[in-house]
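Student: Provided herewith is a single structure, encoded as structure tokens, for subsequent inquiry.
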Amino acid sequence: MALSRWLHPLLRSCRLLRRHLWPVPVDVVYSEKYQLSHSTAPHDPQRSEHILTFLLAEGLVLPKRLHRPRIASVRNLRRVHTDNYLESLRDTAVLQKITGMTASQADLDSYVDIQRYMVGGTHQAVKLALEQHNTVIHLGGGLHHAHADRGRGFCILNDVAVAVRDARAGGFAGRVLIIDLDLHHGDGTEAIFAKDETVHTFSIHNRSWQDIPAVASTNIELGSDVDDDTYLRALRRHLPPLLEELRPRLVIYLAGVDPAATDALGDWRITTQGMLARDRFVAQQIHRLRQGATPWVITLAGGYGTRAWRYSGRFFSSLLNGGRALEPPSTDEITLERYRRLSSLLQPEELTGIPSTGSSGGDDWQLTPEDIYGALGDRRESRFLSYYSKHGIELVLERSGLLDRLRSLGFRHLTVDWDLDNAAGQTIRVLCIDRGQELLGELRAQRERRLIPGMELLQVEWLLLQNPRATFEDGRPPLPGQEHPGLGMLRDVVAMLLVMCERLGLDGLSFVPSHYHLAATSHKVLRFLEPEHERLYRGLHKALAELSVAEASRAVDEERIVDAETGEPFRWRPMPMVLPVSDRLKEELANRWQKMDEEEPSATPRFILRR
């Protein structure tokens, strides 16, 4: 562990130096505007952000190679989409049908703007590729279901088609090949270019969405439950001869990752190795054309769930790292890295509201509220955790994109409130005031010095993240103690709290789960402070292994878990969990847990589930 702490930054520095001395001809296009929380589909709003954070953390992207696009103009959209269709996007019903979202016009307008930014991103990527005859990665786009006169399958605007038409308007006359390896048929793109023999669309998908009589297209339909061998065999059979025949002057690759076995919406069984082999094969075939001088653009296209970004991350790292793919960290780890990078950009005076002091001058005489109240004998707290001003908290929530994600869910007017005088812990609330006051998030926390002697922790007394406008889906009833569905932001909030610990020099994060499901969902990153509690949890987990987390939590709540020896029902009890941050706490807990792991399995309590 000590070795990895200095080895990884050293490798990153070496890669950065290599990028400067021997730059890889690959540019990246990205916008923070791409973040989207979709209410009816498992889109990861941080997908693009995670990929970029990973590439930056590994030293694979130089700032001068990173480009931020402008929103696509209506003039450019009209090169592809009909005026009647663009006009219809003012209609809430039209947008709801395309996106599957039941939302207000303002919220759906935001969805349109996000896709307009992605259209602008693909447009810029194509422009860069043609100007520099190189590879450009666009961390967005691939909206291939949008037709000229209608949208489908979450796709309102067709970014690839707009980019190609705009390149034509700028004088580019070369042949174009669009390689679409999203799980789904690229019907919109194929239909738009159906009569254009200079643009060939190549698509391998599960099922064709419609039969389009295109003059230049290749459609390979493989059905459901496809494995690596079937997929790669089809790709290797059909793509090389097509490239050799067409010898395109521009290639656009929709590198959708929804064929992956872990995809939240997909029905194929492509492994991690199969996905990387697919992408590498496409890259190799394109680089063989004109000794690597063929301009090509990669868009993200489909990919659903919180792990989708990792497939793209592997592929892009191989392009930027001389062919050697780097293994991305977990989504939890990359989220933490993102918040660390954000924290490094925020100055203490922005977060505390206290101007930095120089070696001399009037700043040295500035009094804080603590100075004033302290002098009067009244220690009234004016900062969260004795550090963050209210403006600083709002700044973190805004810069992190969390408030924008709430706005994309329909919560337009947000406010941050706090109560620093609560004896149970200082409280921060995020409220929406569109319809009175709707509570979206509430955190109650304090600095804790008693739990582990000689160490100071950030103790989370209460954390609530909820969407009061959402309803529980069929088959997914509320968890014990849950009134509304969640917001899908727990990972971000935990990462933010860990970064707070690092900034304040605290040893770790602790909380006491009130229900079994809170312990179960936290256990992959936190462990129980006391070995006896950890053993207890392991015994429960073994007895509940056949149940979902929700069913298991209800079984514990209903006291349907009994001790195998005594027959007594188990009742959930307060048991502190800890996530260490400082090296000294990591060492302390490692010693505790190592002793427990070395014990005989019989030391773990046995429980029985009563049906």
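Student: Run the dipole for segment 453-552 about the Cα centre, Lys and Arg Cβ at +1, Asp and Glu Cβ at -1, nothing else charged, and hand back the magnitude in debye, nearest 20. Could the numbers behind the result be given before it?
Tutor: On the way: 9 positive and 13 negative charges, 39 e Å.
It works out to roughly 180 debye.
Student: Need one word for segment 32-171: rounded, prolate or oblate. Basis is the Cα gyration tensor (sqrt eigenvalues a ≥ b ≥ c); a/c below 1.5 gives rounded, then a/b vs b/c decides.
Tutor: Working: a/c = 2.55, a/b = 1.27, b/c = 2.00.
Oblate, because a/c is 1.5 or more while a/b does not exceed b/c.
Student: How much accessible area per residue does segment 99-145 have, in Å², with a 1.4 Å probe? Display every interim value, and only then the final one.
Tutor: Values: 1370 Å² over 47 residues.
Each residue of segment 99-145 exposes 29 Å² on average to a 1.4 Å probe.
Student: Another one. Let a ≥ b ≥ c be the square roots of the eigenvalues of the Cα gyration tensor of segment 221-352; is it rounded (a/c under 1.5), or, if not, prolate (a/b larger than b/c) or oblate? All intermediate terms of the calculation are to be shown ahead of the outcome.
Tutor: On the way: a/c = 2.78, a/b = 1.58, b/c = 1.76.
Oblate is the answer for segment 221-352, as a/c is 1.5 or above yet b/c matches or exceeds a/b.
Student: Hey, another quick one. If you place +1 on the Cβ of every Lys and Arg and -1 on the Cβ of every Asp and Glu, how big does the dipole about the Cα centre of the chain come out, in debye to the nearest 20?
Tutor: Working: 76 positive and 81 negative charges, 410 e Å.
Dipole magnitude for the chain comes out near 1960 debye.
Student: Residues of segment 209-315: accessible area per residue at 1.4 Å, in Å²? Write out the running numbers ahead of the final one.
Tutor: Details: 4420 Å² over 107 residues.
Per residue, segment 209-315 has 41 Å² of solvent-accessible surface.
Student: Looking at L526, P513, V493, which one has the Cα that reaches farthest to the positive end of the dipole of segment 421-531 (charges on Cβ: Lys, Arg +1; Asp, Glu -1)?
Tutor: About the Cα centre, the residue reaching furthest to the positive side is L526.
Student: Using alpha carbon centroids, what distance separates segment 175-238 and segment 540-611, in Å?
Tutor: Taking the Cα centre of segment 540-611 as reference, the centre of segment 175-238 is 50 Å away.
Student: Using the Cβ atoms and a cut-off under 12 Å, what net charge is assigned to the surroundings of V525, where Lys and Arg are +1 and Asp and Glu are -1? Working shown, then result.
Tutor: Details: positive: R491, K524, R527; negative: D332, E333.
Charge balance in the 12 Å sphere: +1.
Student: Please give me, ordered by residue number, the trypsin sites (Lys or Arg not before Pro) of segment 394-458 that lie in loop per DSSP and have at most 11 other Cβ atoms within 10 Å.
Tutor: Working: sites: R399, R405, R407, R412, R429, R435, R444, R447, R449, R450; in loops: R412, R435, R449, R450.
Qualifying residues, ordered by number: R435, R450.
Student: If you roll a 1.4 Å probe over the heavy atoms of the protein chains, what accessible area per residue do you get for segment 407-533, in Å²? Walk me through the intermediate numbers first.
Tutor: Values: 5980 Å² over 127 residues.
Averaged over the residues of segment 407-533, the accessible area is 47 Å².
Student: Just to make sure I understand: if all protein chains stay in place, what is the order of F411, F172 by accessible area at 1.4 Å, largest first? Present the calculation step by step, with values, prior to reporting the outcome.
Tutor: Numbers: F411 0, F172 45 Å².
I get F172, F411, largest accessible area first.
Student: What is the chain's relative contact order, in percent, from Cα pairs under 8 angstrom and six or more apart in sequence? The partial results should precede the final answer.
Tutor: Working: 1061 pairs, mean separation 59.7, N = 611.
Taking the mean separation of contacting Cα pairs over the length of the chain, I get 10 percent.
Student: In segment 466-523, which GluC sites (Glu not before Pro) fall in coil by DSSP and have 14 or fewer other Cβ atoms within 10 Å?
Tutor: Numbers: sites: E473, E483, E502; in loops: E473, E483.
Listed in order of number, the matching sites are E473, E483.
Student: Ok, one more. Going by alpha carbons, how many degrees (0 to 90, nearest 10) lie between the helix axis of 47-57 and the longest principal axis of the chain?
Tutor: Once rounded, the angle reads 80 degrees.
Student: Nearest 10 degrees is fine. How inclined is helix 228-246 to the longest principal axis of the chain, computing both from alpha carbons?
Tutor: Tilt relative to the chain: about 40 degrees.
Student: While we're on this one: Considering the options F281, S31, L345, tell which one lies farthest towards the positive end of the dipole of the chain, charges being +1 on Lys and Arg and -1 on Asp and Glu at the Cβ, about the Cα centre.
Tutor: The Cα lying farthest towards the positive end belongs to F281.
Student: What is the angle, in °, between the Cα long axis of helix 272-288 and the longest principal axis of the Cα atoms in the chain? Nearest 10 is fine, range 0 to 90.
Tutor: Rounded to the nearest ten degrees, it is 40.
Student: Taking the Cβ-Cβ separation of R68 and H413 as r and a Förster radius of 25 Å, what is the calculated FRET efficiency to the nearest 0.05?
Tutor: Details: r = 27 Å, r/R0 = 1.09.
Result of the calculation: an efficiency of 0.35.
Student: Suppose a student asked you for the relative contact order of segment 382-511, using Cα pairs under 8 Å spaced at least 6 residues apart; what percent would you report? Don't jump to the answer; show the numbers that get you there.
Tutor: Details: 183 pairs, mean separation 20.9, N = 130.
Once normalised by length, the contact order is 16 percent.
Student: Here's something else I'd like to know. Using unit Cβ charges (K, R positive; D, E negative) and no other charged atoms, how large, in debye to the nearest 20, is the dipole of segment 162-302 about its Cα centre? Walk me through the numbers before you get to the answer.
Tutor: On the way: 15 positive and 19 negative charges, 153 e Å.
So the magnitude is around 740 debye.
Student: As a test of the formula, what do you get for the chain when each DSSP H run with n ≥ 4 contributes -39,500 (n - 2.57) and the sum is divided by the residue count, at 222 nm and rounded to the nearest 500 deg cm²/dmol? Could you put the intermediate results ahead of the total?
Tutor: Values: 21 runs with 246 residues, N = 611.
When only DSSP H runs of four or more count, the value is -12500 deg cm²/dmol.
Student: If you take every residue apart from Q347 with its C-beta less than 13 Å away from the C-beta of Q347, what net charge results, scoring Lys and Arg +1 and Asp and Glu -1? Walk me through the numbers before you get to the answer.
Tutor: On the way: positive: R399, R503; negative: E349, E350.
Computed value for this residue: 0.
Student: Moving on to the next point. Classify segment 443-589: rounded, prolate or oblate, from the alpha-carbon gyration tensor (a ≥ b ≥ c, eigenvalue square roots; a/c under 1.5 rounded; otherwise prolate if a/b is larger than b/c)?
Tutor: Working: a/c = 2.39, a/b = 1.24, b/c = 1.92.
It is oblate, given that a/c is not under 1.5 and a/b is not larger than b/c.
Student: Whole Å is fine, so just give me how far the alpha carbon centre of segment 425-493 lies from that of segment 241-262.
Tutor: First find each Cα centre; the distance between them is then 44 Å.
Student: Which of K542/K586; K542/K595; K64/K390; K524/K595; K390/K524 have a Cα-Cα distance over 28 Å?
Tutor: Values: K542/K586 26 Å; K542/K595 20 Å; K64/K390 35 Å; K524/K595 19 Å; K390/K524 32 Å.
Table pairs above 28 Å Cα-Cα are K64/K390; K390/K524.
Student: Filter the trypsin sites (Lys or Arg not before Pro) in segment 214-302 down to the DSSP loop ones having no more than 12 other Cβ atoms within 10 Å, then list what survives. Don't skip to the end; give the middle numbers.
Tutor: Numbers: sites: R233, R236, R237, R249, R269, R278, R280, R288, R290; in loops: R249, R269.
Sites meeting the loop and neighbour criteria: none at all.
Student: At 1.4 Å probe size, with the rest of the protein present, what percent of the exposed accessible area of the chain is carbon and sulfur atoms? Provide the component values of the computation, followed by the final result.
Tutor: Details: 14240 of 28420 Å².
Of the solvent-accessible surface of the chain, carbon and sulfur hold 50 percent.
Student: Then there's this: May I ask which residue of V251, L89, H43 lies farthest towards the positive end of the charge dipole of the chain, with charges of +1 (Lys, Arg) and -1 (Asp, Glu) on Cβ and the Cα centre as origin?
Tutor: Positive-end residue among those listed: V251.
The values are calculated or read from the model by the stated rules, or taken from the named source; none is laboratory data. Fair warning: this is a prediction, and the values are worked out from it, not measured in the lab. Cβ coordinates were reconstructed from backbone atoms using ideal geometry, including for glycine residues, and neighbour counts include every protein chain displayed. Note: accessible area is taken over every heavy atom of the protein model, side chains too, but ligands, DNA and RNA are not part of it. Shrake-Rupley method; radii C 1.70, N 1.55, O 1.52, S 1.80 Å.
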